[in-house]
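A short worksheet on the structure shown next.
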Amino acid sequence: MKLIFLGLSITSSWGNGHAVTYRGLCRALAGRGHRIVFYEWDAPWYSGAHRDLAVDRCDYATVRLYREWAEVRSAVRRDLGDADAVVLGSYVRDGIEVAEFLAQEFPGPRFFYDIDTPITVKAFRESGAAEYLRADQVPSFDVYFSFTGGPVLRELEARYGSPRARALYCAVDPEHYRRTAPVPWFRAALGYMGTYAPDRQPALEELLVTPARRRPGSGFVVAGPQYPPRLDWPPNVWRIDHLPPAEHPRFYSSSRWTLNLTRSEMRRWGWSPSVRIFEAAACGAAIVSDSWEGLDAFLAPGKEVVVAETADEVEAALDLSDAEVRRIGEAARARILDHHTTAVRAAEFEREVEGVQRVRAGG
């Protein structure tokens, strides 16, 4: 099949989780014999040093960068001429206009891929539209793919008219995420990777900064961009502004524990696993996570992940034996590699496309 994607970014992982997701899915789809064309607005903040995938180095998709939607409409129309399906993603610039264009110009299977579903639904409830999609446009997509599962899928169908809302969770490519030898500059009792978010910062303070203050003899590391310079980090917390995906396996393989934190809207709905939790698990990392509904559908608390809401609970995890830490990490790795790889997601995506094709053919 020829598949057209219009997404936030595939060329830059700086400050977003979209690029890693699109890379893994598109690579896996290409591996199954499909042809991928990916359209991306050439955002200035994703250019230069922040672009960690060169357009001409992407060997699994044809990537087309554009400056203005009006200038690329004709090229998209030509690509749609022999396409089997099209996917529009959340946070695409001019997404509302793009959605209208696709509804008018492409009679084949149309999919929306929401990597920010709780944010989108919150905007729908408050104003009837997110900046990249109106609520009344939801029915124009044959399938609404969502990073979040559980109750939000029913809401998308019952309240907003999606013909079919299905979870297409993030995933991990085991060819790129596996355990490596630890490196000294990432070694820590507890490490966290994530872009700064005000609603996530209190949990980071409680679950990493407070244990760091209590344990001045242990090292801690926080990797991710956009943290305000005014934040007061203890001297034993090492800050890394940004790590490209190629460095993630070494990061996860070097900390004794990896912290997973979830944004407030994702916690509110539940069933919103971060791509980071899958990446860390694939590298055999032992994970401490905040609590959210549906977590146990991905990792079993106490066996494959430790759930913590307080600094005391984090410290209890830090005091576990090396053998127990290893056991938890290995159990998580086995679970994720069985159920949450990019190959699994590509097969799920493919089944949905084929299902829409059958329905449209009257089968």
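Restricting to region 296-317, what's the tally of residues that are of a type in the set (A, V, I, L, M), touching a residue at least 24 places away in the same chain (Cβ under 8 Å) and out of contact with any helix residue (DSSP H, G or I) (no Cβ under 7 Å at 6 or more places or on another chain)?
The total comes to 3.
Scan region 231-249 and give yes if some residue there is within 20 Å of Ala189 (Cα to Cα) and in contact with a Leu (Cβ under 6 Å, 6 or more places away or on another chain), otherwise no.
Taking region 231-249 as the starting set, the residues that turn out to be within 20 Å of Ala189 (Cα to Cα) are 232-243, 247-249.
Going one step further and asking which of them are in contact with a Leu (Cβ under 6 Å, 6 or more places away or on another chain), we end up with none.
Scanning region 231-249 turns up no residue that is within 20 Å of Ala189 (Cα to Cα) and in contact with a Leu (Cβ under 6 Å, 6 or more places away or on another chain).
Can Val172 be described as within 19 Å of Leu6 (Cα to Cα), in contact with a helix residue (DSSP H, G or I) (Cβ under 8 Å, 6 or more places away or on another chain) and of a type in the set (Val, Ile, Thr)?
Working: within 19 Å of Leu6 (Cα to Cα): no; in contact with a helix residue (DSSP H, G or I) (Cβ under 8 Å, 6 or more places away or on another chain): yes; of a type in the set (Val, Ile, Thr): yes.
Judged against the criteria, Val172 is not a match.
Within region 345-363, can you find the residues that are touching a strand residue (DSSP E or B) at 6+ places or on another chain (Cβ under 9 Å) and within 17 Å of Arg110 (Cβ to Cβ)?
The answer is Phe349, Glu352, Val353, Gly355, Val356, Gln357.
Right, Pro198: free of Cβ contacts under 8 Å to residues at least 12 places away in the same chain, in the same structural domain as Glu293 (by TED's automatic domain parsing), within 21 Å of the chain's Cα centre (by Cα) and surrounded by fewer than 16 Cβ atoms within 10 Å (Cβ to Cβ) or not?
Details: free of Cβ contacts under 8 Å to residues at least 12 places away in the same chain: yes; in the same structural domain as Glu293 (by TED's automatic domain parsing): yes; within 21 Å of the chain's Cα centre (by Cα): yes; surrounded by fewer than 16 Cβ atoms within 10 Å (Cβ to Cβ): yes.
The answer is yes for Pro198.
Quick one: is Gly89 in the same structural domain as Thr117 (by TED's automatic domain parsing) and modelled with pLDDT under 95? It would help to see each step written out before you state the result.
Details: in the same structural domain as Thr117 (by TED's automatic domain parsing): yes; modelled with pLDDT under 95: no.
Here the answer is no, as Gly89 does not meet what is asked.
If you check Tyr22, Tyr60, Tyr39, which single one turns out to be outside any strand (DSSP E or B) and closer than 22 Å to Val98 by Cβ? Steps first, answer last, please.
Numbers: Tyr60 fails: closer than 22 Å to Val98 by Cβ; Tyr39 fails: outside any strand (DSSP E or B).
Just a single option satisfies the conditions, and that option is Tyr22.
Looking only at region 208-230, filter to residues that are in contact with a Phe, Trp or Tyr (Cβ under 6 Å, 6 or more places away or on another chain) and crowded, with 19+ Cβ neighbours inside 10 Å; which one of those is farthest from His50 (Cα to Cα)?
Among them, the one singled out is Ala212.
Looking at Ala181, Ala171, Ala280, Ala188, which one is farther than 28 Å from Ala28 by Cα and aliphatic (A, V, I, L, M)? Please lay out each step first, then the result.
Details: Ala181 fails: farther than 28 Å from Ala28 by Cα; Ala171 fails: farther than 28 Å from Ala28 by Cα; Ala280 fails: farther than 28 Å from Ala28 by Cα.
Going through Ala181, Ala171, Ala280, Ala188 in turn, the sole match is Ala188.
Within region 303-326, work out how many residues are part of a loop (DSSP other than H, G, I, E, B) and either closer than 15 Å to Asn260 by Cβ or among the aliphatic types (A, V, I, L, M) (or both).
Pass one, region 303-326, residues part of a loop (DSSP other than H, G, I, E, B): 303-304, 308-310, 319-321.
Now restrict to residues that are either closer than 15 Å to Asn260 by Cβ or among the aliphatic types (A, V, I, L, M) (or both): 304, 308-309, 320.
Residues that pass the stated criteria total 4.
Would you be able to say whether some residue in region 281-296 is more than 20 Å from the chain's Cα centre (by Cα) and either crowded, with 24+ Cβ neighbours inside 10 Å or not assigned by TED's automatic domain parsing to the domain that holds Ile115 (or both)?
Residues of region 281-296 that are more than 20 Å from the chain's Cα centre (by Cα), as a first pass: none.
No; the residues of region 281-296 include none that is more than 20 Å from the chain's Cα centre (by Cα) and either crowded, with 24+ Cβ neighbours inside 10 Å or not assigned by TED's automatic domain parsing to the domain that holds Ile115 (or both).
Out of the residues in region 205-263 meeting the condition of being among the β-branched types (Val, Ile, Thr) and part of a strand (DSSP E or B), tell me which one is modelled with the lowest pLDDT. Steps first, please.
To start, the set of residues in region 205-263 that are among the β-branched types (Val, Ile, Thr) comprises 209-210, 221-222, 237, 240, 258, 262.
Next, from what is left, pick out any that are part of a strand (DSSP E or B): 221-222, 237, 240, 258.
Numbers: Val221: 97, Val222: 97, Val237: 97, Ile240: 94, Thr258: 98.
Within region 205-263, the match that is modelled with the lowest pLDDT is Ile240.
Pick out, from region 76-153, the strands (runs of 3 or more DSSP E) lying fully within it that include 3 or more residues that are surrounded by 15 or more Cβ atoms within 10 Å (Cβ to Cβ) and among the aromatic types (Phe, Trp, Tyr).
Values: elements: 85-89, 110-114, 143-146.
Output list reads 110-114.
Considering every residue within region 173-185, establish whether at least one is modelled with pLDDT of 95 or more and of a type in the set (A, V, I, L, M, F, W, C).
Scanning region 173-185, I find no residue that is modelled with pLDDT of 95 or more and of a type in the set (A, V, I, L, M, F, W, C), so the answer is no.
Within region 336-363, take every residue that is surrounded by 17 or more Cβ atoms within 10 Å (Cβ to Cβ) and over 18 Å from the mean Cα position of the chain (by Cα) and give me the one that is nearest to Arg27 (Cα to Cα).
Glu350
Looking at Ser127, Ser140, can you tell me which residue is over 27 Å from Pro273 (Cβ atoms) and out of contact with any helix residue (DSSP H, G or I) (no Cβ under 6 Å at 6 or more places or on another chain)?
Ser127
Checking Glu157 against (1) outside the structural domain of Pro229 (by TED's automatic domain parsing); (2) assigned to a loop (DSSP other than H, G, I, E, B): exactly one of these is not met. Which one?
The number of the failed condition is (2).
The values are calculated or read from the model by the stated rules, or taken from the named source; none is laboratory data. Since we're looking at a predicted model, the values are computed, not measured. Virtual Cβ from ideal backbone geometry, glycine too; neighbours counted across all protein chains shown.
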